[in-house]
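Everything on this sheet refers to the single structure shown next.
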Amino acid sequence: MWVDVNAIVTNQITKSFNGFIAVNEIDISVKEGELFGLLGPNGAGKTTLINLLSTMTRPTSGTGTVNGFDVVHDSASVRAVIGVVFQSSTLDEQLTGLENLDLHGRLYGLSASLRKKRIDEVLDLVELSHKSKILVKTYSGGMIRRLEIARGLMHHPKVLFLDEPTLGLDPQTRLHIWDYIRRLNREEGITIVLTTHYMEEADNLCDRIAIIDNGRVVALDTPEKLKSALGGDVIILTLDTPEDAKKFSRVCKETGYVSISTKDQTVYISVKKSEEAVPEVFRTAFTSGTNIRSITMRKSTLDDIFIHYTGRGIRDELVDDITYMKYKLQTKRR
């Protein structure tokens, strides 16, 4: 359980690359012991924000502190109290799992006895003790992620950054990683900041979520409050054509519905109670001469929240922030 003490604070933190603003005046605070999510599409600025907070890159303007240490002026102190699990594996595949952990402990100056004790603890936490003496190149994708998490915990960090921790993993392995993340947050008491573009991951794991788009935080709250603020239910209408969907969307907005979006010939309407809103939706369709081919109802999701704030769904392309930034710069030059 997190407490009312800030582990991370940013104030108007900004990062630009040759005119492209990857992180734009972000203000967030993360409590000690909190499991905090940065949710957004690839290229939104999530990884760049992690790089700023982990001192991998310096801000163009604004400030950030981790565990009370400034990310620019006290960078060495910041690195001493954080662990980082990157999107891409940085393990030495020619070493065993145990050797990778021992090397990491040596780099952090842990004594031989403390290294042994800590290796046993973190391997037990991620359930890799039985695989610790085989080469990492023989590990599955899920085992590699678990070992990277274990490595990030070797030096007892106060804050752990997880950058897309389940990217590219199958659904079953993803669920196992979720369990490990919950355990280390609960048992180790570590503040965790994770980036993800998986809605269900943020919804299931995080105490609070910052939704990031185009380098800005567009919404920040608990998953429950974000969804309840939009409306508890979503009515999904299938019409004859995309043009009909756009026309009916305009009519619904004039009627007073708060959140409406369209995709092809489908209209999504967020409401507090679908059973009360459906008759009014049918009346609106009848008076506007709109033919409804089908209608379904479901509970609001974080995807609905993202569409509400950005006007689109999260992109599925697996592109990291720097690659996206380079692409934007290339297209700008043409």
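The values are calculated or read from the model by the stated rules, or taken from the named source; none is laboratory data. Quick caveat, the model's predicted, so the values are computed rather than measured. Glycine also receives a Cβ, built like all others from the backbone with ideal geometry; neighbour counts cover every protein chain displayed.
Within region 108-136, how many residues turn out to be among the hydroxyl-bearing types (Ser, Thr, Tyr) and outside any helix (DSSP H, G or I)?
Selection size over region 108-136: 3.
Please enumerate the residues belonging to region 160-175 that are of a type in the set (Ser, Thr, Tyr) and more than 15 Å from residue 194 (Cβ to Cβ).
Within region 160-175, 173 is the sole residue that qualifies.
What residue, among those in region 182-202 that are surrounded by fewer than 20 Cβ atoms within 10 Å (Cβ to Cβ) and among the acidic types (Asp, Glu), is nearest to residue 54 (Cα to Cα)?
Top of the filtered list is 188.
Looking at the structure I just gave you, is residue 201 at pLDDT 90 or above and of a type outside the set (Gly, Ala, Ser)?
In short, yes.
What about residue 251, is it assigned to a strand (DSSP E or B) and either more than 31 Å from the chain's Cα centre (by Cα) or within 30 Å of residue 51 (Cα to Cα) (or both)?
It is false that residue 251 is assigned to a strand (DSSP E or B) and either more than 31 Å from the chain's Cα centre (by Cα) or within 30 Å of residue 51 (Cα to Cα) (or both).
Looking at region 14-34, I want the residues that are without any contact (Cβ under 8 Å) to a residue 40 or more places away in the chain and have a partner that is part of a strand (DSSP E or B) and not hydroxyl-bearing (Ser, Thr, Tyr) with Cβ atoms under 9 Å, at least 6 apart or on another chain. Which pairs are those?
The qualifying pairs are 29/6; 29/7; 29/8; 29/9.
How many residues does region 252-289 contain that are charged (D, E, K, R) and surrounded by 17 or more Cβ atoms within 10 Å (Cβ to Cβ)?
Residues meeting the conditions: 0.
Just need a number here: residues in region 220-232 that are at pLDDT below 95 and either buried (at least 20 other Cβ atoms within 10 Å of the Cβ) or under 28 Å from residue 13 (Cβ atoms) (or both).
8
Against the definition (on the phi > 0 side of the Ramachandran plot and either part of a helix (DSSP H, G or I) or under 19 Å from the mean Cα position of the chain (by Cα) (or both)), how does residue 105 come out, yes or no?
The answer is no for residue 105.
Any residue at all in region 114-135 that's touching a Leu at 6+ places or on another chain (Cβ under 9 Å) and hydroxyl-bearing (Ser, Thr, Tyr)?
yes
What are the pairs with Cβ atoms under 6 angstrom where one residue, in region 64-79, is farther than 17 Å from residue 32 by Cα and in contact (Cβ under 8 Å) with a residue 60 or more places away in the chain and the other, located anywhere, is among the aliphatic types (A, V, I, L, M) and buried (at least 16 other Cβ atoms within 10 Å of the Cβ)? Sequence gap at least six, or different chains.
Final answer for the pair search is none.
Within region 147-192, can you find the residues that are free of Cβ contacts under 8 Å to residues at least 60 places away in the same chain, of a type in the set (Ser, Thr, Tyr) and closer than 22 Å to residue 104 by Cβ?
Those that are free of Cβ contacts under 8 Å to residues at least 60 places away in the same chain, of a type in the set (Ser, Thr, Tyr) and closer than 22 Å to residue 104 by Cβ: 166, 180.
For the condition surrounded by fewer than 17 Cβ atoms within 10 Å (Cβ to Cβ), more than 22 Å from residue 8 (Cβ to Cβ) and modelled with pLDDT under 90, what is the one hit in 124, 170, 179, 120?
170
Which one of these does residue 284 not meet: (1) in contact with a Cys (Cβ under 7 Å, 6 or more places away or on another chain); (2) outside any helix (DSSP H, G or I)?
Tallying (1) in contact with a Cys (Cβ under 7 Å, 6 or more places away or on another chain); (2) outside any helix (DSSP H, G or I), residue 284 fails exactly one: (2).
Within region 203-243, work out how many residues are of a type in the set (Lys, Arg) and free of Cβ contacts under 8 Å to residues at least 60 places away in the same chain.
Within region 203-243, residues that are of a type in the set (Lys, Arg) and free of Cβ contacts under 8 Å to residues at least 60 places away in the same chain number 1.
Mind checking whether some residue in region 144-157 is surrounded by fewer than 20 Cβ atoms within 10 Å (Cβ to Cβ) and of a type in the set (D, E, K, R)?
No, region 144-157 contains no residue that is surrounded by fewer than 20 Cβ atoms within 10 Å (Cβ to Cβ) and of a type in the set (D, E, K, R).
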